[in-house]
Amino acid sequence: MKMINTKVTIAGVEWDNPVTTASGTFGSGMEFADFVDLNRLGAVTTKGVSYVPWTGNPVPRIAETCSGMLNAIGLQNPGVEVFINRDLPFLKQYDTRVIVNVCGKTTEDYLKVVERLSDCAVDMLEINISCPNVKEGGIAFGQNTCSVEEITRQVKRYAKQPVIMKLSPNVTDIREMAKAAEAGGADALSLINTLTGTKIDIYKRKFVLANETGGLSGPAVKPVALRMVNQVARTVKIPVIGMGGIMTGEDAIEFLMAGATAVAVGTANFRNPLATAEVIDGINDFLAKEGIQDVKEIIGCVN
Amino acid sequence: MAVQKRARITSQVQLAPGIFSMWLEEAEIAKKASPGQFLSLYCNSEDRLLPRPISICEIKEDRTSLRLVYRVAGKGTEEFSKLKEGDMIQVMGPLGNGFPMEKKKAILIGGGIGIPPMLELAKSLDCEKSIVLGYRDKNTFLDKEFLPYGQVYLSTEDGSLGVKGNVIDAVRQYAVQGAVIYACGPTPMLRGVKAYALEHNITAWMSLEERMACGIGACLACVCKTKEKDHHTNVDNTRICKEGPVFKAEAVEL
């Protein structure tokens, strides 16, 4: 059998295959290493890392919905120092690209993390300007074109690694945000983050989540995510990492065909800790079955 | 280390209204399991994505099977309750850390659907045991199965059996004595157990419950406030699925 080329290059960084993890669904990989060979992943995208430790939101933090889930974790994380001293050395044992998701409450918070990571063995940075579950920062930066462009520009001044801006779907026109990030100098985009939603316990007459609202993810959001990835891929020149409800190789192929150069597997990890490996196998099977020698042949093929 | 498997259901019976008992044949998980650990059960229906965490009620002596006793609380557990002998179900486990086995005179306290994990514990503990079980009403379950392992005391909220009130009312009324407490049940009950243990200067091990997504420590959905900074999270909360579900009472804030 002829070898199929699954390599993709994003902002000058070559991945062995186009599959990474969606931030927040894979920790720093440690908990999944018992189930999946992390060497198989194109890249591991970590849970959001802030400058100081964050406690996150009160519980309940999650609620299941039809073919999806709401989360309002609130970006709990141990802070960048613990990340660098514990999680990063763990990830560096594996032959995979490391993408660190960066979060902050203020511009300075983001910049301090970016600067702290500048001399670390990190391949790419993903800047979270789209978390709907924190009161300050997060989505506040991602819902207006001026602030998207400005935060991107600031991050680019300090970043030594290529910068991926992670976009929110909770906007009127995601293409405008994509253009603003590109204008600010982003090297790549990732989308979508979760869609803000809620759930009510009708017997308690209360919101299920302590935070009242949360971010919707899972197969329920896939058609929306796919449409937005397609719109953005047709609008900007920089590469797009697509995500939103990917459960199988076929789902991933749809995102690639829509114009994503790579994809991320998120909520699927909670149902099946082997999901990332199965998506990679599924992509390979599809390419083999269709006689496609290079995954790049299908990227954006519907456009 | 936990594994994900498809397990065969070897029996499924209803014990009380809404309470079901299911035996699963899964030797690899049964071999590693200990009392107080739990399994993640997955729905066949893909529109219910997340696993349901269910505590281990019994481990068969030959370590080939596990028993789960659970309450139908929603559509997921309703789906489980309709599975029949011979059906297959996706499971992961064993998850979390079980109860530490102390060789001291023990009080086992279970409330409602917190009772099942106490059964395997009662079988495994090699010491004198008092067992206090709290129910809403006369629709009890598992209580007779505890009889071979110690003195059993009951409480019911409506007073239809045992002491009227909660498990702590039963502990006080029967003057139940012990040097260590093991407890599982709803949070208000655990608050009462913690207060009782502090008052009497007794060690208490408590199994906590929270909504979970991954069940393996990655998503940080199921956290509990802690008295001290947690070594993993680096903040004052801890992962119930990974560091728990069993904690020393004074280590957690309820």
Scan of region A:64-83 for residues that are more than 7 Å from chain B (Cβ to nearest Cβ) and of a type in the set (A, V, I, L, M, F, W, C), ordered by number: A:L70, A:A72, A:L75, A:V80, A:F83
Within region B:111-142, considering residues that are surrounded by fewer than 18 Cβ atoms within 10 Å (Cβ to Cβ) and within 18 Å of the chain's Cα centre (by Cα), the one farthest from B:V246 (Cα to Cα): B:R136
Leading residue by the ranking (nearest to A:E126 (Cα to Cα)) among those in region A:170-210 that are open to solvent by 50 Å² or more (accessible area, probe 1.4 Å), in contact (Cβ under 8 Å) with a residue 60 or more places away in the chain and of a type in the set (D, E, K, R): A:R175
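Quick grid of which residues meet (1) open to solvent by less than 20 Å² (accessible area, probe 1.4 Å); (2) in contact with an Asp or Glu (Cβ under 9 Å, 6 or more places away or on another chain):
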| site | (1), (2) |
| --- | --- |
| B:N201 | no, no |
| B:A221 | yes, yes |
| B:K225 | no, yes |
| B:D230 | yes, yes |
Filtered residues of region B:71-97 (kept if among the polar types (S, T, N, Q), in a helix (DSSP H, G or I) and within 14 Å of chain A (Cβ to nearest Cβ)): B:T77
Given (1) without any contact (Cβ under 8 Å) to a residue 60 or more places away in the chain; (2) farther than 17 Å from A:C131 by Cα; (3) among the basic types (K, R), number of the condition A:K105 does not satisfy: (2)
Looking only at region A:143-169, and only at residues there that are open to solvent by 40 Å² or more (accessible area, probe 1.4 Å) and in a loop (DSSP other than H, G, I, E, B), the one that is modelled with the highest pLDDT: A:K160
Residues (open to solvent by less than 50 Å² (accessible area, probe 1.4 Å) and closer than 21 Å to B:F99 by Cβ) located in region B:143-164: B:D143, B:F146, B:G150, B:V152, B:Y153
Matching residues, region B:203-213, being over 11 Å from B:G114 (Cβ atoms), open to solvent by 30 Å² or more (accessible area, probe 1.4 Å) and either part of a loop (DSSP other than H, G, I, E, B) or modelled with pLDDT under 95 (or both): B:E210, B:R211
Set A:F35, A:F26: member being facing chain B (nearest Cβ under 9 Å), in contact (Cβ under 8 Å) with a residue 60 or more places away in the chain and more than 13 Å from the chain's Cα centre (by Cα): A:F35
Filter result for B:D137 (in the same structural domain as B:Y182 (by TED's automatic domain parsing), of a type in the set (D, E, K, R) and more than 22 Å from B:V13 (Cα to Cα)): no
Criterion (within 15 Å of the chain's Cα centre (by Cα) and more than 22 Å from B:K138 (Cβ to Cβ)) met by exactly one of B:E199, B:E210: B:E210
Complete set of residues in region A:258-274 that are more than 11 Å from every other protein chain (Cβ to nearest Cβ) and either buried (at least 24 other Cβ atoms within 10 Å of the Cβ) or of a type in the set (V, I, T) (or both): A:A258, A:A260, A:T261, A:A262, A:V263, A:A264, A:V265
Condition check for B:G217: more than 14 Å from chain A (Cβ to nearest Cβ), assigned to a loop (DSSP other than H, G, I, E, B), open to solvent by less than 30 Å² (accessible area, probe 1.4 Å) and at pLDDT 95 or above: no
Some residue of region A:105-121 being within 14 Å of another protein chain (Cβ to nearest Cβ) and aliphatic (A, V, I, L, M): no
In region A:233-242, the residues that are open to solvent by 10 Å² or more (accessible area, probe 1.4 Å) and within 17 Å of A:V295 (Cβ to Cβ): A:A233, A:P239
Failed item, numbered, when B:L108 is tested on (1) open to solvent by 10 Å² or more (accessible area, probe 1.4 Å); (2) in the same structural domain as B:I181 (by TED's automatic domain parsing); (3) touching a residue at least 24 places away in the same chain (Cβ under 8 Å): (1)
Restricting region B:165-194 to residues that are open to solvent by 40 Å² or more (accessible area, probe 1.4 Å), within 20 Å of the chain's Cα centre (by Cα) and free of Cβ contacts under 8 Å to residues at least 60 places away in the same chain, the residue that is nearest to B:Y135 (Cα to Cα): B:N166
Some residue of region B:49-63 being closer than 19 Å to B:N97 by Cβ, assigned to a strand (DSSP E or B) and within 13 Å of chain A (Cβ to nearest Cβ): yes
Pairs, first open to solvent by 30 Å² or more (accessible area, probe 1.4 Å) in region A:70-92, second of a type outside the set (S, T, Y) and assigned to a strand (DSSP E or B), C-beta under 8 Å, six or more apart: A:N71/A:I62; A:N71/A:G214; A:N71/A:G215; A:K92/A:V98
Residue check, B:T187 under 30 Å from B:G150 (Cα atoms) and within 11 Å of chain A (Cβ to nearest Cβ): yes
The lone exception for B:C241 - which of (1) within 9 Å of chain A (Cβ to nearest Cβ); (2) closer than 22 Å to A:F83 by Cα it fails: (1)
Qualifying residue in region A:223-232 (condition: closer than 28 Å to A:P58 by Cβ, open to solvent by 50 Å² or more (accessible area, probe 1.4 Å) and of a type outside the set (S, T, Y)): no
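The values are calculated or read from the model by the stated rules, or taken from the named source; none is laboratory data. As the structure is a computational prediction, the values presented were derived from the model and not from experiment. A quick note on method: Cβ atoms are made from the backbone with ideal geometry, for glycine too, and the neighbour counts reach across all protein chains shown. Areas reflect the complete protein model, heavy atoms only, side chains present, ligands, DNA and RNA absent. Shrake-Rupley method; radii C 1.70, N 1.55, O 1.52, S 1.80 Å.
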